[in-house]
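Visitor: Please read through the structure below; I'll follow up with questions.
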Amino acid sequence: MEPPSQVSLRGKKQEIQKREADAEIYMNFMKSHRCYDAIPTSCKLVIFDTTLPVQMHELENHKIETWRGDSFQNVYIQYSNHFLISISPEASLFDAIYSLLKYKIHRLPVIDPESGNVLHILTHKRILKFLRIFGKKVQKPAFMQKQIQELGIGTFRNIATVQQTATLHDALSIFVERRVSALPVVNEQGKVVALYSRFDVINLAAQKNYNNLDMTMLEAVRRRSCFVEGVIKCYPYESLEIIIDRIVSAEVHRLVLVDRADVVKGIVSLSDLLQAMVLTPAEIATCD
């Protein structure tokens, strides 16, 4: 008969192995599926030729100072890449996630190595949606039922926000200085009232409002041409499974973590979720 100490040691070892296997479920799932598997049976791609002419006369009507300092030019330079990052359709989704997070890009072209044709554009949202649909075939990890605050997934310190009374120029400066892609717009009490993203900044050009950087954030939010369904929020006590369902269903890039008074406490992004569920079990850290 084994001594109690050895029985206890074996039990602890088995428990550790079980936890490790549980943590690696989604990592192994992504390694076992190709990028080709995540391509929809029907989709459309819009591809621009580098020689496409650009209408410039509208831009020439504005002063140089409109485009200097912490304005659109710097925002573009901050986030643009000097070379194309792509992936083969035969590469694993694990490799795709690694590329998306390592290079901090939001779109990854899937290119046929033989023809050079672009087959699809993989995104964080597409991959997470693929996991949500086809991941049902594998055992659901126990950590999916844990609270988001317990798992520590997301950013909870030094959150970049902008006051609703601040100017659009102030927001652009924060985008550049903090290297973030979206800013919760808050009132004097710190309660989130809107979310303003880099996509909204780009839309200013379409609305010809790029020379009016002194407007308040409240006004900038009101002038958005596209319909935005408020702020998609989550709470510290909600489970990871609920968080994933909400972010996939809403088709957004991030959730604003708030307390019961709607005061901003953190941000949970698609990158945070994929890092925690897929790359961290592989002992790969790509997020700052």
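The values are calculated or read from the model by the stated rules, or taken from the named source; none is laboratory data. No experiment lies behind these values; they were computed from the predicted model shown. Methodologically, a virtual Cβ is constructed for each residue, glycine included, from the backbone with ideal geometry; neighbour enumeration extends over all protein chains shown.
Visitor: Every residue in the stretch 154-194 that is β-branched (Val, Ile, Thr) and within 15 Å of residue 217 (Cβ to Cβ), please. Give the derivation first.
Guide: Taking the stretch 154-194 and keeping what is β-branched (Val, Ile, Thr), we get 155, 159, 161-162, 165, 167, 174, 176, 180, 185-186, 192-193.
Selection gives 161, 162, 165, 167, 174, 180, 185, 186, 192, 193.
Per-residue answers, yes or no, for (1) under 20 Å from the mean Cα position of the chain (by Cα); (2) closer than 30 Å to residue 28 by Cβ; (3) in a loop (DSSP other than H, G, I, E, B); (4) among the aliphatic types (A, V, I, L, M):
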| residue | (1), (2), (3), (4) |
| --- | --- |
| 192 | yes, no, no, yes |
| 206 | no, no, no, yes |
| 218 | no, no, no, yes |
| 249 | yes, yes, no, no |
| 255 | yes, yes, no, yes |
| 266 | yes, yes, no, no |
| 275 | yes, yes, no, no |
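Visitor: Could we say that residue 132 is under 16 Å from residue 277 (Cα atoms), of a type in the set (D, E, K, R) and surrounded by 13 or more Cβ atoms within 10 Å (Cβ to Cβ) here? Spell out how you get there, then give the answer.
Guide: Numbers: under 16 Å from residue 277 (Cα atoms): yes; of a type in the set (D, E, K, R): yes; surrounded by 13 or more Cβ atoms within 10 Å (Cβ to Cβ): yes.
Against the criterion (under 16 Å from residue 277 (Cα atoms), of a type in the set (D, E, K, R) and surrounded by 13 or more Cβ atoms within 10 Å (Cβ to Cβ)), residue 132 qualifies.
Visitor: Only one of (1) in contact with a Leu (Cβ under 7 Å, 6 or more places away or on another chain); (2) without any contact (Cβ under 8 Å) to a residue 40 or more places away in the chain; (3) farther than 17 Å from residue 264 by Cβ is not met by residue 160, so which one is it?
Guide: For residue 160, the exception is condition (3).
Visitor: Among the residues of the stretch 183-232 satisfying the criterion of being among the small types (Gly, Ala, Ser) and at pLDDT below 85, which is surrounded by the most Cβ atoms within 10 Å (Cβ to Cβ)? Step through it out loud before you land on a result.
Guide: In the first step, residues of the stretch 183-232 are kept if they are among the small types (Gly, Ala, Ser); the result is 190, 194, 197, 205-206, 220, 225, 230.
From the residues that got through so far, the ones that are at pLDDT below 85 too are 205-206, 225, 230.
Details: 205: 12, 206: 10, 225: 10, 230: 9.
Across the stretch 183-232, the extreme among qualifying residues is 205.
Visitor: Is the stretch 152-163 home to any residue that is in contact with a Phe, Trp or Tyr (Cβ under 8 Å, 6 or more places away or on another chain), in a loop (DSSP other than H, G, I, E, B) and surrounded by fewer than 16 Cβ atoms within 10 Å (Cβ to Cβ)? Working first, answer last.
Guide: Filtering the stretch 152-163 for residues in contact with a Phe, Trp or Tyr (Cβ under 8 Å, 6 or more places away or on another chain) gives 162.
Adding the requirement that they be in a loop (DSSP other than H, G, I, E, B) leaves none.
Among the residues of the stretch 152-163, not one is in contact with a Phe, Trp or Tyr (Cβ under 8 Å, 6 or more places away or on another chain), in a loop (DSSP other than H, G, I, E, B) and surrounded by fewer than 16 Cβ atoms within 10 Å (Cβ to Cβ), which makes the answer no.
Residue-wise test of (1) farther than 15 Å from residue 92 by Cα; (2) under 15 Å from the mean Cα position of the chain (by Cα); (3) not polar (S, T, N, Q).
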| residue | (1), (2), (3) |
| --- | --- |
| 108 | no, yes, yes |
| 120 | no, no, yes |
| 123 | no, yes, no |
| 130 | no, no, yes |
| 136 | yes, no, yes |
